[in-house]
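Asker: Handing you a structure now.
The values are calculated or read from the model by the stated rules, or taken from the named source; none is laboratory data. Computed from a predicted model, the values in this text were never measured in an experiment. Cβ placement follows ideal geometry from the backbone for every residue including glycine, while neighbour counts extend to all protein chains displayed. When the accessible area is computed, the model is the full protein with side chains, heavy atoms only, and any ligands, DNA or RNA have been set aside. Shrake-Rupley method; radii C 1.70, N 1.55, O 1.52, S 1.80 Å.
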Amino acid sequence: MTVLNLLVIALAGLIAYWWASQGAFSSLLHLLCVIAAGAMAFAVWEPVAVRILGMGGISIYAWGLGLLVPFAVFLFIFRLATDKLVPDNLNF
């Protein structure tokens, strides 16, 4: 269990380093996308989880998947839209 905790901490640090190296504006855009995706995922969490509960085999993971899958989908959509709307970020 300690190894998993260390891996999660290392992954979070790697992600923070990646976005810090991309610049402040790019990091801010990603933060806004994550906040919006999280809000949208919370909005659809319960209906999605209830549908997964009725599926059978994966019902023990319903509440986790009911939040994780919509979050990943919304984040992908928001990042794709942001990359299309602001392709060069702040290219002077």
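Asker: Filter the stretch 21-57 down to the residues that are in contact with a Pro (Cβ under 8 Å, 6 or more places away or on another chain) and either charged (D, E, K, R) or open to solvent by less than 70 Å² (accessible area, probe 1.4 Å) (or both) and list them by number. If you could, list the steps in order and put the result at the bottom.
Answerer: Initially, the stretch 21-57 is screened for residues in contact with a Pro (Cβ under 8 Å, 6 or more places away or on another chain), giving 40-41, 44-45, 48.
Across the stretch 21-57, the qualifying residues are ALA41, VAL44, VAL48.
Asker: In the stretch 66-79, what residues are open to solvent by less than 90 Å² (accessible area, probe 1.4 Å) and either out of contact with any helix residue (DSSP H, G or I) (no Cβ under 6 Å at 6 or more places or on another chain) or among the charged types (D, E, K, R) (or both)?
Answerer: VAL69, ALA72, VAL73, ILE77, ARG79
Asker: Please state which one of TRP18, TRP63 is out of contact with any His (no Cβ under 6 Å at 6 or more places or on another chain), closer than 23 Å to ASP88 by Cβ, open to solvent by 90 Å² or more (accessible area, probe 1.4 Å) and not small (Gly, Ala, Ser).
Answerer: Sole residue among the options that is out of contact with any His (no Cβ under 6 Å at 6 or more places or on another chain), closer than 23 Å to ASP88 by Cβ, open to solvent by 90 Å² or more (accessible area, probe 1.4 Å) and not small (Gly, Ala, Ser): TRP18.
Asker: Also, quick follow-up: Quick one: which of PHE25, PHE78, PHE71 is out of contact with any Gly (no Cβ under 7 Å at 6 or more places or on another chain) and at pLDDT 95 or above?
Answerer: Just one listed residue meets the conditions, PHE78.
Asker: Looking at (1) farther than 28 Å from TRP19 by Cβ; (2) among the β-branched types (Val, Ile, Thr); (3) in contact (Cβ under 8 Å) with a residue 12 or more places away in the chain, find the lone condition where VAL34 falls short.
Answerer: (1)
Asker: Then there's this: Just need a number here: residues in the stretch 54-81 that are of a type in the set (A, V, I, L, M) and within 15 Å of PHE42 (Cα to Cα).
Answerer: Number satisfying all stated conditions: 8.
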